[in-house]
Amino acid sequence: MALGRDHDRATLLACLPVGMLSGFWLGWPLGGLTAAAFAWGGLWLSPDLDTRSRALKRWGALGWIWRPYRTLIPHRSLFSHGPLIGTALRLAWMLIVGVMGWTTLTALPGWSGPAPSEALPVVLQWLREHPRPLLAVLFGLETSVWLHLILDGDPLPAEWPRRWPRRRRR
């Protein structure tokens, strides 16, 4: 299992090649977006947010938002280190916290911005018309998780069997 600084170093070294790979696929501006999402995913949205990790410390004063996640999600479980599901849960948690904060702001007197319910249709319409930036971000976030798992020495979460049972032949 790699140390936090090794994860950070590998993330920073790999973000450019991942961005270039994505740039060939989605175009160079979106390759830059992929590289940024890869770095952000590896440094701030690490699968190790369920422990007292460097990624958690980077959140500084906002680190408290990860307390329920840390309480509910066991370390190196399918839900923290699982491919796709771990990233999806961290993004869902961020979305929940963000919408709760946004809703709280709209209740303040003098708020002049849109409410989440007013902005959601606009955001969904934009994503339908322009899905490639979302693909670039998701590709960057998920590949940073795979790098993390590979550096930990075992890309499978702890609950997954090391060897799949074989069927007996009759």
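Using the Karplus relation 6.51 cos²θ - 1.76 cosθ + 1.60 with θ = phi - 60°, the per-residue 3J(HN,Hα) values for region 129-143 come to 7, 10, x, 5, x, 5, 4, 4, 5, 5, 4, x, 5, 6, 5 Hz, with x marking Gly and Pro. A simple rule links phi to the HN-Hα coupling: the Karplus curve 6.51 cos²θ - 1.76 cosθ + 1.60 with θ = phi - 60°, which for region 111-119 gives 5, 10, x, x, 7, x, 5, 7, 7 Hz, with x for Gly and Pro.
Per atom type, the chain shows carbon and sulfur on 69% of its accessible surface, probed at 1.4 Å. Once the Cα-Cα distance is subtracted from the 0.36 nm per residue extended length, the residue 91 to residue 54 segment shows a gain of 11.5 nm. Within region 59-148, list the trypsin sites (Lys or Arg not before Pro) lying in a DSSP loop whose Cβ has at most 10 other Cβ atoms in a 10 Å radius. Nothing satisfies the criteria. Distance between the C-alpha centres of region 1-42 and region 58-89: 20 Å, rounded to the whole angstrom. Between the beta carbons of residue 62 and residue 24, assuming R0 = 30 Å, the FRET efficiency works out to 0.30 to the nearest 0.05. Apply the a/c threshold of 1.5 to the C-alpha gyration tensor of region 1-128 and tell me whether it is rounded, prolate or oblate. Because a/c hits 1.5 or more and a/b fails to exceed b/c, region 1-128 counts as oblate.
Between residue 117 and residue 72, the contour length at 0.36 nm per residue exceeds the alpha carbon distance by 13.4 nm. Applied to region 70-84, the Karplus parametrisation 6.51 cos²θ - 1.76 cosθ + 1.60 on θ = phi - 60° returns per-residue 3J(HN,Hα) values of 5, 6, 8, 9, x, 5, 6, 8, 4, 7, 9, 10, x, x, 6 Hz, with x for Gly and Pro.
Considering only 28, 116, 17, the residue lying farthest towards the positive end of the dipole of the chain is 17, judged by Cα position with unit charges set on Cβ.
Each peptide in 43-52, 111-120, 23-32 gets a packing score, the mean of other Cβ atoms within 10 Å over its residues, and the list from highest to lowest is 43-52, 23-32, 111-120.
The values are calculated or read from the model by the stated rules, or taken from the named source; none is laboratory data. Only a predicted model underlies this, so the values are computations on that prediction, with no experimental measurement involved. Backbone-built Cβ (ideal geometry, glycine too); neighbour counts: all protein chains shown. The area values use the complete protein model at the heavy-atom level, side chains included, leaving out ligands, DNA and RNA. Shrake-Rupley method; radii C 1.70, N 1.55, O 1.52, S 1.80 Å.
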